[in-house]
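To start, the structure under review is shown below, and the notes come after it.
The values are calculated or read from the model by the stated rules, or taken from the named source; none is laboratory data. Quick caveat, the model's predicted, so the values are computed rather than measured. Neighbour counts run over all protein chains shown; Cβ positions are idealised from the backbone, glycine included.
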């Protein structure tokens, strides 16, 4: 009776196991360490910029003899909140208007200020109705798809001059800066609505496709966790 030769699976070497363990650890440790490093760097940067402007009598390091990490961040938050509260009143609005009128008379400074103000308003806007949903549109030509955001139903003269009865106003952002992009008016039937939320689509755009949100099938199968951001309601595509 012929004996069957069984091939034993070669056991990985110690070096091979160590290398795999190292790369597995890097995947876990690197994001955590990088996150803490960036937070620590930002806190120290704000402290270096803000603390020198604080009078010594109000600085805890004067009495303790050591610098307090994050003290400049606390001062910045309190000062910013106070400025926000001040500008809500009539006197504050007039003061801001006077300052902006003064800046408008300065050619170079005016351009820089207006650009930074527009970026800040776009990034820090807390409006929940900025975009209705994420979608796919064919851009810059048919057969090539790009992620965009549905702003609203197209109305007014733009819709009246178009041959389509229903159109959507779509904002097509650029990578990796989603605050700039193009405003497109697309027929409703040419817009493919996505289940992913606007926040998930923004992460996908900023990361240049490296951060892909989980699909509904993957979430149901338990392969990937569901996103904490729920998708917003959007008009149904035909």
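What number goes with the only condition from (1) on the phi < 0 side of the Ramachandran plot; (2) assigned to a loop (DSSP other than H, G, I, E, B); (3) surrounded by fewer than 10 Cβ atoms within 10 Å (Cβ to Cβ) that residue 162 does not pass? The number of the failed condition is (3). Scanning region 176-200 for residues that are in contact with a helix residue (DSSP H, G or I) (Cβ under 8 Å, 6 or more places away or on another chain) and closer than 14 Å to residue 134 by Cα yields 178, 194, 195, 196. Quick one: in region 169-184, of everything that is without any contact (Cβ under 8 Å) to a residue 40 or more places away in the chain and assigned to a loop (DSSP other than H, G, I, E, B), which residue is surrounded by the most Cβ atoms within 10 Å (Cβ to Cβ)? Of everything passing the filter in region 169-184, 178 is surrounded by the most Cβ atoms within 10 Å (Cβ to Cβ). The number of residues in region 141-164 being closer than 14 Å to residue 191 by Cα and touching a strand residue (DSSP E or B) at 6+ places or on another chain (Cβ under 9 Å) comes to 12.
Of the candidates 108, 103, 75, the single residue that is over 28 Å from the mean Cα position of the chain (by Cα) and surrounded by 11 or more Cβ atoms within 10 Å (Cβ to Cβ) is 103.
The residues of region 185-195 that are surrounded by 18 or more Cβ atoms within 10 Å (Cβ to Cβ), under 29 Å from residue 118 (Cα atoms) and over 21 Å from the mean Cα position of the chain (by Cα), listed by number, are 186, 191. In contact with a helix residue (DSSP H, G or I) (Cβ under 8 Å, 6 or more places away or on another chain), at pLDDT 90 or above and at negative phi, is that true of residue 173? Answer is yes for this residue. Against the definition (touching a residue at least 40 places away in the same chain (Cβ under 8 Å) and touching a helix residue (DSSP H, G or I) at 6+ places or on another chain (Cβ under 7 Å)), how does residue 166 come out, yes or no? Spelling it out, residue 166 is indeed touching a residue at least 40 places away in the same chain (Cβ under 8 Å) and touching a helix residue (DSSP H, G or I) at 6+ places or on another chain (Cβ under 7 Å).
The single condition among (1) touching a helix residue (DSSP H, G or I) at 6+ places or on another chain (Cβ under 7 Å); (2) outside any helix (DSSP H, G or I); (3) surrounded by fewer than 12 Cβ atoms within 10 Å (Cβ to Cβ) that residue 68 does not satisfy is (3).
Does residue 126 meet the test of being more than 18 Å from residue 173 (Cβ to Cβ), out of contact with any strand residue (DSSP E or B) (no Cβ under 7 Å at 6 or more places or on another chain), exposed (fewer than 13 other Cβ atoms within 10 Å of the Cβ) and at pLDDT 85 or above? Spell out the reasoning first.
On the way: more than 18 Å from residue 173 (Cβ to Cβ): yes; out of contact with any strand residue (DSSP E or B) (no Cβ under 7 Å at 6 or more places or on another chain): yes; exposed (fewer than 13 other Cβ atoms within 10 Å of the Cβ): yes; at pLDDT 85 or above: no.
It is false that residue 126 is more than 18 Å from residue 173 (Cβ to Cβ), out of contact with any strand residue (DSSP E or B) (no Cβ under 7 Å at 6 or more places or on another chain), exposed (fewer than 13 other Cβ atoms within 10 Å of the Cβ) and at pLDDT 85 or above.
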